[in-house]
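Beneath this line is the structure, given in structure tokens, with notes to follow.
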């Protein structure tokens, strides 16, 4: 894509450089290969500007190291290779590492010069790079600097050319001057406007705040899913909770999908609103609302838990709900549901309760906290099952009223086809009765 | 520092130029052409003057080319480079229109169906994009939206086939046909979007990105499969 990954050692590259003429402007000739765009920054010579890949030149700051410990705001880098720098920080040895190193090197050099200090503080957005849509060049501020330099060179050239020629030169000089002034004013206004816009944007749309919570590997997610069903034994020692949001978020969305399936099979009719809205509202409302409530209670009961940890704990606790509902929305045994409710739901509740107990001191506080959480968690599962199951039961009971005793629960398996057939039959019978 | 040492050694760095040294007071002669990007204003003017038909045909051809890319998902960067949202919009609207007016007895469920599908598709795509970016992906926001939107095309075809099959009757056989068609198209959509999107991820996290895509297309396929016209 952008050239080979740069060698990590400080050893000199063995290949002959692309640029051959040493630059009179820079103290040291720069022998490394660089992107053609950087070559345009120094129009006086063919040597690329001293900001490029990390081949160990003087003007470069060390790699991307200082960025690793920085705040997430700082760790991102404006430009198309912004997220590649996130990858390189994790040591991924892919092609993007070179590009990230290059752009990191370039912006580091800019910071060193001090010319763009003001701008670097605001430019931390990594979501939508409006100025670098399909261009993978570096920072837009770098481009502005390049443009400035180019314009200045052009100005000097035009001035020289104007002085060298006759009336054409004078005319060109005048026009050149006015054009330059206008262009500079426009350029400054563009800069100010862009700076303000990008600052406002990076303030509101910076998703890099969430980035550390999504730093997981698939094997970790699988392990945590399994562990969420296993209650811990040691409650005298505070148990570790991973503050991760990927797993809980995916579990909530899976629960939404399962709920949607359940609502469709039971032919729930929502008058004010949509099926999808109800499902999303229920699941997300439970996750966020109960987490906040338990966090508030934990604050009152002096438990050692943060909000993200609580969100993570409750999110993984929904794994039991997902399994239970997935099975019982398809197999409509009531006794099966109760077994799953107590077994699977109980296990995941026990795990959450044990973790919370290990982080709380005092019997009363433990009782309050864990009692509330257990009650809410189990009741939620009960609600999810019965709210969307009753509709089918209601239809069946009214149908078979005169023929069957009213409180007999019959095991039935309703595949999708016979559901539709059942409804049409129900309507036909209702019409005839 | 390293470069200074290199030039001091004089060896492998400047092969053949070790004896060349140009000091600052020697003027360098010659012409230097700066590749300034002054072409773009000319380009703007040239596309501004062309007839409207040319503009529309160019956009239509771009959209059509992307449809072909989705049908035969190879790892090409054309879909990613020139992203556009026309195709996803057309697909989303046609899918929402076809899903309307079904699966409920009451009349007031016809309206929310359209909004439901629209919201599901666009917010689902946004969530998947944010997720893939947070996991360290190198793809940009709109490129990802473009890919996810275009990969709904097989499911739109499945919806069309389902509607045609339902015209013939709604029995077990039609259900089985619809099931097979929808499952096949769902698999095709997921594979197509994975082929484009999973490459932009770090290699050990591909599964984490594929799962939400799988869920997204599963929900859409589910809506298509459970569609019963009234």
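Worth pointing out:
- Identity of the residue in segment A:288-309, crowded, with 19+ Cβ neighbours inside 10 Å and not in a helix (DSSP H, G or I), that ends up farthest from the chain's Cα centre (by Cα): A:301
- A single entry from B:180, B:213 fulfils the requirement of being at pLDDT 90 or above and away from chain A (no Cβ under 13 Å): B:180.
- Answer from A:285, A:277 - the residue that is within 14 Å of chain B (Cβ to nearest Cβ), out of contact with any strand residue (DSSP E or B) (no Cβ under 7 Å at 6 or more places or on another chain), farther than 28 Å from residue A:233 by Cα and in a helix (DSSP H, G or I): A:277
- Long-range neighbours under 9 Å by Cβ, at least six apart or interchain, first residue at the interface with another protein chain (Cβ under 8 Å from one of its Cβ atoms) within segment A:247-264, second outside any helix (DSSP H, G or I): A:261/A:329; A:261/A:330; A:261/B:226; A:264/B:103; A:264/B:226
Let's see how each residue does on (1) part of a helix (DSSP H, G or I); (2) within 14 Å of chain A (Cβ to nearest Cβ); (3) in contact (Cβ under 8 Å) with a residue 60 or more places away in the chain:
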position	(1), (2), (3)
B:121	yes, yes, yes
B:124	yes, yes, yes
B:129	yes, yes, no
B:132	yes, yes, yes
B:136	no, yes, yes
B:139	no, yes, yes
B:160	yes, no, yes
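- Yes/no for residue B:175 being touching a residue at least 12 places away in the same chain (Cβ under 8 Å), part of a helix (DSSP H, G or I), within 11 Å of chain A (Cβ to nearest Cβ) and surrounded by 15 or more Cβ atoms within 10 Å (Cβ to Cβ): no
- Close pairs from segment A:222-234: first in contact (Cβ under 8 Å) with a residue 12 or more places away in the chain, partner surrounded by fewer than 12 Cβ atoms within 10 Å (Cβ to Cβ), Cβ under 9 Å, at least 6 apart: none
- Residues satisfying the stated conditions in segment A:268-284, i.e. at pLDDT below 70 and touching a helix residue (DSSP H, G or I) at 6+ places or on another chain (Cβ under 6 Å): A:268, A:270, A:274
- Of the residues making up segment A:188-209, those that are under 12 Å from the mean Cα position of the chain (by Cα) and surrounded by 15 or more Cβ atoms within 10 Å (Cβ to Cβ) are A:206, A:207, A:208.
- Hits in segment B:183-205 (condition: within 14 Å of another protein chain (Cβ to nearest Cβ), assigned to a helix (DSSP H, G or I) and in contact (Cβ under 8 Å) with a residue 12 or more places away in the chain): B:183, B:186, B:197, B:198, B:199, B:200, B:205
- Matching residues, segment B:163-196, being closer than 18 Å to residue B:128 by Cα and out of contact with any helix residue (DSSP H, G or I) (no Cβ under 6 Å at 6 or more places or on another chain): B:187, B:191, B:195
- Scanning segment B:144-158 for residues that are within 13 Å of chain A (Cβ to nearest Cβ) and closer than 22 Å to residue B:204 by Cβ returns a single hit, B:144.
- Checking residue B:170 against (1) in contact (Cβ under 8 Å) with a residue 12 or more places away in the chain; (2) part of a helix (DSSP H, G or I); (3) within 12 Å of chain A (Cβ to nearest Cβ), the condition it does not meet: (2)
- Of the residues making up segment B:216-230, those that are more than 7 Å from chain A (Cβ to nearest Cβ) and not in a helix (DSSP H, G or I) are B:227, B:229, B:230.
- Going through (1) in a helix (DSSP H, G or I); (2) more than 17 Å from residue A:291 (Cβ to Cβ) one by one, residue A:312 falls short only on (2).
The values are calculated or read from the model by the stated rules, or taken from the named source; none is laboratory data. Bear in mind that the values here come from a model prediction, so they are computed numbers and not experimental data. Positions of Cβ are backbone-derived with ideal geometry, glycine not excepted, and every protein chain shown enters the neighbour counts.
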